[in-house]
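So the structure is just underneath, and the comments pick up after that.
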Amino acid sequence: MRRLLLALLLVAGPAFALSDPAEQLPDAAQEQRARVLGRELRCLVCQNQSIEDSDAELARDLRRIVREQVAAGRSDTQVLDYLHARYGDFVLLRPPFTAGTALLWATPVLALGAGALLVLGLRRRRAAPVPQALTPAEQARLAELDRTP
């Protein structure tokens with residue numbers, strides 16, 4: 001019985017992807033385009049979910065905007081450009097490569113390099129000095145100390 005219930009829940013899961021059936025477009029091809037576009041847009045509340053996967057109120061609003069744009073006959077590029085202009089790079093799950101995003105991606109590498117240089121610098125500073133030979137005066141003083149009971 002549990003297996004049957006689990007199987008039904010797994011099969012019915014995708015049917016509940018949109019929280020409101022009224023959000024769906026009547027044309028199946030347009031709805032499919034809207035879903036594909038929605039998977040390329042980040043939920044600004046959840047941050048690591050697409051708007052299609054999120055239940056946040058803002059994600060619902062963004063899904064509505066995408067569907068309105070698709071229904072109005074806009075191309076995929078026009079829809080993405082509209083939302084990008086309105087919300088910035090962060091709304092795109094795959095933001096464009098710019099100087100800002102290059103710095104963002106390079107920061108971990110730069111931090112690791114700086115840490116490695118710091119560790120190497122500290123190791124060199126802590127290196128034990130090479131012992132030098134004793135002077136004749138030091139050898140005589142050492143011999144005296146050895147003879148003292």
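Here are some notes:
- Long-range HN-HN contacts of Leu92 with modeled amide H, under 5 Å: Arg42
- 3J(HN,Hα) from dihedral phi, the range 89-101, Karplus parametrisation 6.51/-1.76/1.60, rounded to Hz, x for glycine, proline: 4, 5, 6, 8, 5, 10, x, x, 7, 10, 4, x, 6
- 3J(HN,Hα) along the range 65-81: 4, 4, 5, 5, 5, 5, 5, 7, x, 6, 6, 4, 5, 5, 5, 5, 4 Hz, from the Karplus curve 6.51 cos²θ - 1.76 cosθ + 1.60 with θ = phi - 60°, whole Hz, x for Gly and Pro.
- Phi-derived couplings, Karplus 6.51 cos²θ - 1.76 cosθ + 1.60 at θ = phi - 60°, listed residue by residue for the range 30-35: 5, 4, 5, 4, 5, 5 Hz, with x used for Gly and Pro.
- If the convex hull is drawn through the Cα atoms of the range 13-91, its volume per residue in Å³: 83 Å³
- For the range 57-87 versus the range 90-149, the gap between their alpha-carbon centres in whole angstrom: 53 Å
- Principal semi-axes of the equivalent ellipsoid, √(5λ) from the alpha carbon gyration tensor of the range 30-149, are 71, 14, 8 Å from largest down.
Bear in mind these aren't lab numbers, they're just calculated from the coordinates by the rules spelled out. Remember, predicted model here, so these are calculated numbers, not experimental data.
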